[in-house]
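See below for the structure under consideration.
FYI, it's all coordinate maths here, none of it is from the lab. Fair warning: this is a prediction, and the values are worked out from it, not measured in the lab. Cβ atoms come from the backbone with ideal geometry, glycine included; neighbour counts cover every protein chain shown.
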Amino acid sequence: MTDEKNDSTSAFSTVEDRVAKADSAYIMPTYSRYPVEFVSGHDATLVDSAGKEYIDLLGGIGCASLGHCNPRVKQAIADQLDRVWQTSNYFYDENRVHLAAAISTMLSTTTDEGGHVVGSTGTRWKTFFANSGAEANEGAFKIARRWGERELGGAYTIVTARQSFHGRTLAGLAATGQDKFHESFRPMPAGFVSVPLNDIYALREAVNRSGKGAPCAVMLECVQGEGGVWNANYDYMRDVRELCTEKNVLLIIDEVQTGFYRCGSPFSYQRCEIEPDIVSMAKGIADGFPMGAVAARARVANLMGPGDHGSTFGGNNLACAAGLATVEELVDREMGEHVLSVGRHLRHRLTAMEHVIEVRGHGLMRGAQLDAPVAAEVVEEGLADGLVMNRIGSSILRFLPPLVITREEVDEACDRLEKILDRLA
């Protein structure tokens, strides 16, 4: 998640002074916080410490897939709390197995344009559970490097896209195709190179490299979230899949932000009618409970053995209970149809605004390009007007609301947003 510095002088604040002072004294200053503390929530509504209600258009940065305090997820966590929380990966856990099987089914799903499940590719996937998207991507890097060692004579380079974002670890930053994230942390780990998104010729040139530093994988996002909500073209993604198959390099899709129906289908690559070799995921997997995962086709996954990767807390009993309840609820509610319908409505409302010049993204992952560099002011004014929003840079608003948000809530939020934009224009 990109932390944009808050330079506004807005007087709006509901956080208690003692909380803000303690935060400043004891918390490492890696985030610039807005002066609000949320203490409760339900569905797409948040409530702050002063009792003020907000329409949530951020969803904990795309994590609250089923909204805040979903009853099914809450009950699953409560039930598990009465049993056992953490036993480690040295032992079996039934929820972990069921969740991995459910993810395998979702990854091999095929859907129609309306978000309905229409079939399956029949591919069997194996999953490693972690605690975050950055950890999931670290696992993907290791699996790809193992493939390069075993199948490609030691090839190790991973090709990514410019304006991508793959996490805050050193390897995640190296994979991220944005120089601003590399500053102050150089030298970056070797073995990563980025090329322009949607340029198949540039990608082919990078993949065709031989000798030392030859590629073992291509890693892409179908929608670049932190880079500005930019869509990968469908034809480009299909060409990438063909190229990777031709060269026997792995295709990794980073679904950390786009997965679990965020873009309408269970995973965003399914909209492109392709199937990758490795998929990283997090955020919406457990409705806000800390969890991440990396899955690989069985043939690729089986290259990893005991001791090759691990996580003390990854796949713990409590997280797997939350994850399984979340995935089952998403599937049972056929969330894709709702996401596509409400997502189209959000796009329509944003596009109609005078000061929005372009709307990008899919489903309920949207980016609104403003005609002036006022995004920071819009986000702060939004808090005063009961809206939780997010910006990328100075002129892009990003929307990642809970997937359960209603058309009526979208209308109310857009009515408020339009007035804010008119005031600031």
The correct count of residues that are assigned to a helix (DSSP H, G or I), without any contact (Cβ under 8 Å) to a residue 60 or more places away in the chain and surrounded by 11 or more Cβ atoms within 10 Å (Cβ to Cβ) in the range 64-86 is 2
Among (1) of a type in the set (Ser, Thr, Tyr); (2) over 23 Å from residue 167 (Cβ atoms); (3) in contact (Cβ under 8 Å) with a residue 12 or more places away in the chain, residue 201 falls short only on (3)
Subset of the range 207-227, residues touching a strand residue (DSSP E or B) at 6+ places or on another chain (Cβ under 6 Å) and surrounded by 18 or more Cβ atoms within 10 Å (Cβ to Cβ), comes to 207, 215, 217, 218, 219, 220, 221, 223, 224
Among residues of the range 74-117 being hydroxyl-bearing (Ser, Thr, Tyr) and touching a strand residue (DSSP E or B) at 6+ places or on another chain (Cβ under 7 Å), the residue farthest from residue 338 (Cα to Cα) is 104
Here the residues within the range 400-425 that are closer than 16 Å to residue 388 by Cβ, part of a loop (DSSP other than H, G, I, E, B) and of a type outside the set (Val, Ile, Thr) are 400, 401, 402, 403
Of 404, 339, 359, the only residue that is touching a helix residue (DSSP H, G or I) at 6+ places or on another chain (Cβ under 7 Å) and surrounded by 20 or more Cβ atoms within 10 Å (Cβ to Cβ) is 359
Checked pairs for the range 167-192, first within 15 Å of residue 144 (Cα to Cα), second in a strand (DSSP E or B) and aliphatic (A, V, I, L, M), C-beta under 6 Å and 6 or more apart or across chains, list as 192/158
Filtering the range 407-425 down to residues that are crowded, with 23+ Cβ neighbours inside 10 Å and closer than 21 Å to residue 288 by Cβ yields 410, 413
Only unsatisfied item for residue 245, checking (1) surrounded by fewer than 24 Cβ atoms within 10 Å (Cβ to Cβ); (2) outside any helix (DSSP H, G or I), is (2)
Among residues of the range 266-310 being basic (Lys, Arg) and not in a strand (DSSP E or B), the residue nearest to residue 120 (Cα to Cα) is 271
